[in-house]
Every structure is written in C-alpha cells, then in structure tokens.
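Participant: Got a structure here, written out as structure tokens. Questions coming.
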C-alpha cells in the first residue's frame with residue numbers, strides 16, 4: 001500500500017484502494033494539466049470572479065479524487081469535471097454566503113473585460129452588458145455550448161438537466177444574449 | 001428551418017470556434033435567422049472567453065490540489081471513524097443521567113423505609129427499576145464492546161490490504 005503525507009497532517013494516509021486502479025499523483029497530474037485551464041476559464045466566465053473560480057476549481061478536483069470514479073474516457077472525464085464544477089457553483093449560489101454572487105458578476109475581475117487594443121470598444125461594451133444581464137445558468141449554458149462547443153446531450157450530462165430542457169433554455173439564453181448586440185456586431 | 005432551430009447550428013458553432021467559416025456556410029447564415037443568431041452569440045461568447053484568456057489565468061498547481069484532496073479524504077475518514085464513538089459517548093451521557101435519576105429516587109425510598117417494615121425496603125430494591133438499570137448497563141457495555149471490536153476488525157482489514 002502506498003503511503004503519503006500531507007501538509008495538513010504529518011500522519012501517513014493509507015489509500016487502501018490505490019492498488020485497485022485508483023488515481024495516483026502522476027495520473028492526476030496528467031489529467032489536471034489537460035483539463036484545469038478550460039474549467040478555470042469556464043468558472044471565471046460564469047462567475048466573473050477569480051477568487052471564487054480558484055476555490056471552486058480546487059474543490060472540483062478534490063471531489064473528483066475523493067469519489068474516485070471508475071475508468072472513464074477522456075471526454076467523459078471532462079464532462080464529469082464540468083458537472084462537478086457546475087454543481088458546486090449552484091451550491092454556492094444557493095448558500096447564504098454567496099447569495100449576492102450572481103448580481104456581482106465581474107466585480108473584482110472587471111479588468112478581464114477591459115477594452116483591448118485589438119477589439120472594438122462597442123463590442124466590448126456589448127459583451128460586458130450581456131454578461132451582466134444574463135443569469136448564471138444562462139452564462140453556463142452559453143459557455144458550454146459556444147465556447148466549449150458541447151452538444152445538447154453533452155451539456156445535459158454536464159449540468160444534470162435533460163437534453164430537451166437544454167434545447168429550450170439555450171434558445172432563450174441565446175435570444176436574450178443576442179438582444180444585447182447591435183445588428184452589425186457579431187461578425188467575426 | 002425556423003428561427004428557433006436549424007440543423008446547421010452546430011456546424012456554425014464549430015466553424016466560428018475554428019475560425020474557418022466557408023463561403024457556403026456564410027451564405028446560409030445570411031438567410032437563416034437561427035444560424036445568424038447563433039453566429040452572433042457565439043462571437044459574443046468567444047470574445048468573452050478571449051478576454052479571460054488574455055489575462056492568462058493560471059490554475060493552482062496540481063500538487064497543491066492533490067494535497068488538499070488528501071487532507072479532505074483523511075478528514076472524511078476520521079469523521080466516519082469517530083461517528084460511532086460519538087454515538088457511544090451520547091449513549092453514555094444518557095445512561096449516566098438515567099442512573100442519577102434512579103439514585104435520587106432510591107435515596108428518597110431509603111429515607112421513607114425508616115418508617116416502614118424491612119421487607120418493604122427489600123421489595124423496593126428488587127423493583128423493576130433496579131433490573132432495568134442493570135440491564136441497561138449490561139446492554140450498553142455489550143454494545144460498546146461490539147462496536148469497538150467491529151472498528152478494530154475494519155482497521156485491521158484496511159491495514160492488511162495491499
């Protein structure tokens with residue numbers, strides 16, 4: 001049995017199921033390197049707050065490691081991680097401590113949406129206005145669909161909703177977001 | 001094809017994400033309300049993502065997350081292991097409280113016995129309360145011993161596994 005020590009406690013930890021195919025640190029490192037950046041970007045994109053995104057990201061991987069799911073394909077693992085992250089975000093929003101979070105989008109991380117030299121000022125303002133106006137659930141769905149390029153079925157797996165609900169909610173969110181864009185914008 | 005749904009929406013998203021929109025698809029988007037809206041919103045979201053990526057946010061190191069997970073796992077294991085002990089401690093408190101109540105009652109009985117015949121005092125000592133208290137003590141001791149044995153067996157099997 002492998003024995004590890006932690007910073008939190010010097011006593012050795014016994015990972016009794018490690019020999020049964022559970023993830024070791026090397027495998028975790030590989031998985032983390034491949035998936036952490038897109039999930040962090042997703043969390044920042046949805047919450048608009050770097051501190052919350054960092055915390056939820058760490059908690060996401062902790063939950064993943066503690067649950068130790070069986071063997072999964074790469075895409076399946078990715079969706080599973082997005083699902084954990086999405087659920088954790090929802091838990092935070094439901095809790096009293098972060099009850100104001102959805103209304104405080106981009107507070108403390110607004111520099112991300114500052115106008116960049118190569119982007120049109122109006123378009124940047126559109127982006128900021130749309131992100132502030134959208135609900136967290138809508139930002140989640142739009143991000144997963146249009147930034148991550150997930151299908152309705154994949155979004156359903158990542159959010160725990162049905163594919164039919166995703167279709168309807170995504171249509172509404174898309175229409176709402178489009179309402180914040182000027183007609184000539186959106187052409188890339 | 002209608003405003004809410006077009007079978008080429010996924011294709012539009014894919015093309016926007018790769019940055020390679022074919023002429024044919026561009027023509028289609030001009031005539032399809034759903035795809036045009038999808039294109040606009042995809043552009044919006046990609047811009048939003050690009051603004052975040054431009055800041056190059058670095059996730060915490062994998063080793064830091066690994067250590068946090070280990071600490072969390074250890075805390076969970078400790079919590080599970082101590083749940084039963086906490087239960088036994090609670091039962092112990094309840095038993096002591098019940099014993100104290102019984103003692104107070106017995107004390108009043110003994111004081112009252114000075115005025116009654118001896119056989120009456122013996123009868124009160126042999127009452128159901130005594131047997132109930134003794135039975136409770138034996139049951140508690142047996143339950144506690146069984147729990148400790150069970151915990152010991154579990155700890156032993158976990159240590160013995162490779």
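Participant: With labels modelled as points extended 7 Å from the Cα through the Cβ direction, what inter-label distance (nm, one decimal) is found for residue A:168 paired with residue A:73?
Facilitator: Going by the 7 Å Cα→Cβ label model, 3.0 nm.
Participant: Here's something else I'd like to know. Roughly what would the spin-label model give for residue A:132 and residue B:105, points 7 Å off Cα along C-beta, in nm?
Facilitator: Each label point is offset 7 Å from its Cα along the Cβ direction, giving 7.1 nm.
Participant: If you take each beta carbon of peptide A:54-66 and count the beta carbons of other chains within 10 angstrom, what is the mean? Don't skip to the end; give the middle numbers.
Facilitator: On the way: counts 4, 1, 0, 4, 7, 4, 1, 8, 9, 2, 2, 7, 6.
Averaged over the peptide's residues, the number is 4.
Participant: Equivalent ellipsoid semi-axes for the stretch B:9-55, as square roots of 5 times the alpha carbon gyration tensor eigenvalues: give them largest first, rounded to whole Å.
Facilitator: Semi-axis lengths for the stretch B:9-55 are 21, 11, 7 Å.
Participant: Label residue B:27 and residue B:147 with points 7 Å out from Cα along Cα→Cβ: what is the distance between them in nm?
Facilitator: 7.8 nm
Participant: Which whole-number percent is the relative contact order of the stretch B:9-55 (Cα, under 8 Å, 6+ apart)?
Facilitator: On the way: 22 pairs, mean separation 18.7, N = 47.
Relative contact order here is 40 percent.
Participant: Arranged by the count of other C-beta atoms within 10 angstrom, fewest first, what order do B:24, A:154 take?
Facilitator: Placing the least packed residue first, the sequence is B:24, A:154.
Participant: Give me a single rounded figure for B:33-42: the average over its residues of other chain Cβ atoms within 10 Å of their Cβ. Working shown, then result.
Facilitator: On the way: counts 0, 2, 0, 4, 8, 7, 5, 12, 14, 9.
Mean shielding count: 6.
Participant: Let me ask something else. Just tell me how shielded B:67-79 is by partners: mean number of partner chain Cβ atoms within 10 Å of each residue's Cβ, no decimals. Numbers along the way, then the final one.
Facilitator: Numbers: counts 7, 8, 11, 12, 6, 8, 8, 8, 3, 1, 3, 2, 0.
Mean shielding by partner chains, rounded to a whole number: 6.
Any read-out appearing in this document is the output of simple, stated calculations on the displayed coordinates, not a laboratory observation. Predicted, not measured: the structure shown is a model, and the values here were computed from it. FYI the Cβ positions are ideal-geometry reconstructions off the backbone, even for glycines, and counts take in every protein chain you see.
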